[in-house]
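Some notes on the structure that comes next.
The values are calculated or read from the model by the stated rules, or taken from the named source; none is laboratory data. Only a predicted model underlies this, so the values are computations on that prediction, with no experimental measurement involved. Every residue, glycine as well, gets a Cβ built from its backbone with ideal geometry; the counts of neighbours run over all protein chains shown. For the accessible areas, the whole protein counts, side chains as well, though only heavy atoms, and no ligand, DNA or RNA atoms are used. Shrake-Rupley method; radii C 1.70, N 1.55, O 1.52, S 1.80 Å.
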Number of protein chains: 2
Amino acid sequence: MQRGRGLSLARQQGEPQVAVLAGGGGVDALLKLEPERPGRMYGLISRLKAVTGRREELAAVLLEGSAGMPGCLSYVVARDLADPDALWVTEVWDSRESHRASLALPSVRQAVERGRPLIAGFGERHETEVAGGHGLGG
Amino acid sequence: MQRGRGLSLARQQGEPQVAVLAGGGGVDALLKLEPERPGRMYGLISRLKAVTGRREELAAVLLEGSAGMPGCLSYVVARDLADPDALWVTEVWDSRESHRASLALPSVRQAVERGRPLIAGFGERHETEVAGGHGLGG
């Protein structure tokens, strides 16, 4: 529950643990740090509008393109029940850096190319730090 | 990808399969239905505002209260990076009915009681039909 509190900058951007030691108080600081910060999960909640009538195709492209991404703990594609053209994508990553790295994967780049003509627009997008939950890493 | 299309009312609200048979075309209809509709996952995306300074307590209550809910495939609590008081809760259920039933669980009712004084307000809330993804049922 207390992940990320107080020491939230230490490993942001995926810097290795050694950076914490180099910049801070040595082994004592590390020993204090570890129980509080086993990791810092990064989340995204995004809304997309598909071209009318092509939502299912867009969902399929997103699901195919998101398979097997390293560091991805959860990736869910859902149809908005109130808008026949809207999809929600909710993501959980083991770090912000893993998400960034995924954008260079061939499978993801191909999905972006295939999805582009199916997207009418981008809606809201929220970045989060995931506190925890059920169904992560499945 | 095609879940829920065309036959979307048949098992909504958790009605048993027999209701489809009784109302419709018998075994042929069932055979046509099954490949298309192995299930209908229900999702919720909700934003909560905690009382200032009490977001971590609220996150802990939500996570504790959501453990072991039958039919829950994913339940993630995340801190909004742009608002120090806001939390996002993203949920995936095997059906809308499982979500509804969870509200009567003693663990959930206790969490609602414990969480109430920590909540300053409710933000947006979106109902979805989940198309698929990674990290469900973990």
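Here are the numbers:
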| item | result |
| --- | --- |
| Segment B:119-138: number of residues that are open to solvent by less than 60 Å² (accessible area, probe 1.4 Å) and either within 7 Å of chain A (Cβ to nearest Cβ) or under 14 Å from the mean Cα position of the chain (by Cα) (or both) | 11 |
| Subset of segment B:83-118 (residues that are within 14 Å of the chain's Cα centre (by Cα), aliphatic (A, V, I, L, M) and closer than 29 Å to A:L48 by Cα) | B:V89, B:V92 |
| Single residue of B:D83, B:D94 found to be out of contact with any strand residue (DSSP E or B) (no Cβ under 7 Å at 6 or more places or on another chain) and within 12 Å of chain A (Cβ to nearest Cβ) | B:D83 |
| Residues of segment A:62-72 that turn out to be open to solvent by less than 30 Å² (accessible area, probe 1.4 Å) and at the interface with another protein chain (Cβ under 10 Å from one of its Cβ atoms), as a count | 4 |
| Of residues in segment B:73-118 being touching a Lys or Arg at 6+ places or on another chain (Cβ under 7 Å) and in contact (Cβ under 8 Å) with a residue 40 or more places away in the chain, the one most open to solvent (accessible area, probe 1.4 Å) | B:S95 |
| Selection within segment A:24-61 - away from chain B (no Cβ under 11 Å) and either open to solvent by less than 30 Å² (accessible area, probe 1.4 Å) or at pLDDT 95 or above (or both) | A:G26, A:L33, A:R37, A:G39, A:L48, A:K49, A:A50, A:V51, A:T52, A:G53, A:R54 |
| Pair list, Cβ < 6 Å and 6+ apart or interchain, from segment A:46-63 residues that are of a type in the set (S, T, N, Q) to residues that are in a strand (DSSP E or B) and open to solvent by 30 Å² or more (accessible area, probe 1.4 Å) | A:S46/A:R125 |
